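Read the structure below first, then the notes.
The values are calculated or read from the model by the stated rules, or taken from the named source; none is laboratory data. Values in this document were obtained by computation on a predicted structure and should not be read as measured data. Cβ placement follows ideal geometry from the backbone for every residue including glycine, while neighbour counts extend to all protein chains displayed.
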Amino acid sequence: MWLSGAGWRKLDDRNRDACTNLLEIASLAKNRNADVMVREELRGDTWFITEMYDFSLGGTFAAQEISFSVSECIFGWTAAFLQQGTHITARIQLNPDADVSASLLQEVQDRWKRGIEDKWSYRFSCCQRPGCTSPCALTFEIQWTSDRPHLGVRVQKGGGRSNLGLWHTDDSGDVASHEFGHLLGNVDEYAEPSVCPNRNPVNTGTVMDDNTEVVLRLCSPLCTRISEDTTPA
């Protein structure tokens, strides 16, 4: 398959049925002159397309700058991101303290970007009804930039308790994924009785509780915004 701007790519041939499905989507997209989103994997010197999502049935979506206020217990913040169909982009400006070196900042940028994108992407899809024949996976992209950032974050060296506006260089990609969840508009789901005794739900075993799993209800508002249902990817 020829990808515009990338060149020739091989379709994943480890499973005959999966390869056939990729070929059918590629052919349909070419015939309709439709955009597709692909996921690739490098094996040796060769790039293979392992997943492909056809946007022809889902229509084309204009990019929307999303911003809304969130209030939970004693906390409040602004959720903000760019949504174009099923692709979500967050522009984040990192403001390192003076003792955070350029090399350390680059290291944590790589760790946090990989952690956030891997945690949230390709977990759930938006799907039109009836039939839900062409689901498009929700994908997430982090851009570190000072150009119109959706979020400014102070970066402090070492460890400590982080929040949406303060991250520590010891934070894992899982911690960054939790804070990113707030930027999407999701609230905390861990018990904090001294501050928020009436918080509900709690102890949910999700990324908004213990930094682990992304579940459907955390992503469904993104599909609802484009008038589609949410399904497992």
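Being of a type outside the set (S, T, N, Q), surrounded by 15 or more Cβ atoms within 10 Å (Cβ to Cβ) and touching a strand residue (DSSP E or B) at 6+ places or on another chain (Cβ under 6 Å) is the requirement here; does Val175 meet it? So Val175 fails the test.
Could you run through segment 124-143 and say how many residues are at pLDDT below 80, touching a strand residue (DSSP E or B) at 6+ places or on another chain (Cβ under 9 Å) and closer than 12 Å to Glu228 by Cα? Please lay out each step first, then the result.
Taking segment 124-143 as the starting set, the residues that turn out to be at pLDDT below 80 are 128-135.
If we keep only those that are touching a strand residue (DSSP E or B) at 6+ places or on another chain (Cβ under 9 Å) as well, we get 128-129, 132-135.
Now narrow it down to the ones that are closer than 12 Å to Glu228 by Cα: 128-129, 132, 134-135.
Within segment 124-143, residues that are at pLDDT below 80, touching a strand residue (DSSP E or B) at 6+ places or on another chain (Cβ under 9 Å) and closer than 12 Å to Glu228 by Cα number 5.
Starting from segment 157-171, keep only residues that are in the same structural domain as Gln106 (by TED's automatic domain parsing), then list their pairs with residues that are of a type in the set (Val, Ile, Thr) and in a loop (DSSP other than H, G, I, E, B) whose Cβ atoms are within a distance under 8 Å, requiring at least 6 positions of separation or different chains. Qualifying pairs under 8 Å: Lys157/Val100; Lys157/Thr169; Gly158/Thr169; Thr169/Val100. Here Leu184 fulfils each of the conditions (1) surrounded by 19 or more Cβ atoms within 10 Å (Cβ to Cβ); (2) of a type in the set (A, V, I, L, M); (3) in contact with a Ser or Thr (Cβ under 8 Å, 6 or more places away or on another chain) apart from (3). Return yes when Gly173 is of a type in the set (Gly, Ala, Ser) and over 30 Å from Asp35 (Cα atoms) and no when it is not. In short, yes. Kindly check whether there is at least one residue in segment 150-171 that is under 26 Å from His87 (Cβ atoms), among the aromatic types (Phe, Trp, Tyr), under 14 Å from the mean Cα position of the chain (by Cα) and surrounded by 14 or more Cβ atoms within 10 Å (Cβ to Cβ). So far as segment 150-171 goes, no, none of its residues is under 26 Å from His87 (Cβ atoms), among the aromatic types (Phe, Trp, Tyr), under 14 Å from the mean Cα position of the chain (by Cα) and surrounded by 14 or more Cβ atoms within 10 Å (Cβ to Cβ).
Tell me whether segment 112-130 contains one or more residues that are crowded, with 17+ Cβ neighbours inside 10 Å, among the aliphatic types (A, V, I, L, M) and assigned to a helix (DSSP H, G or I). Yes, segment 112-130 contains a residue that is crowded, with 17+ Cβ neighbours inside 10 Å, among the aliphatic types (A, V, I, L, M) and assigned to a helix (DSSP H, G or I).
For Leu42, state whether it is under 23 Å from Asp118 (Cβ atoms), out of contact with any helix residue (DSSP H, G or I) (no Cβ under 9 Å at 6 or more places or on another chain), surrounded by 11 or more Cβ atoms within 10 Å (Cβ to Cβ) and at pLDDT 80 or above. Quick ask: steps written out before the conclusion?
Working: under 23 Å from Asp118 (Cβ atoms): yes; out of contact with any helix residue (DSSP H, G or I) (no Cβ under 9 Å at 6 or more places or on another chain): yes; surrounded by 11 or more Cβ atoms within 10 Å (Cβ to Cβ): no; at pLDDT 80 or above: yes.
In short, no.
The residue list Thr89, Thr78 contains one member that is in contact with a Leu (Cβ under 8 Å, 6 or more places away or on another chain) and either surrounded by fewer than 18 Cβ atoms within 10 Å (Cβ to Cβ) or among the aliphatic types (A, V, I, L, M) (or both), which is Thr89.
Kindly indicate whether Phe68 is hydrophobic (A, V, I, L, M, F, W, C), assigned by TED's automatic domain parsing to the domain that holds Asn163 and either closer than 13 Å to Glu141 by Cα or in a helix (DSSP H, G or I) (or both). So Phe68 fails the test.
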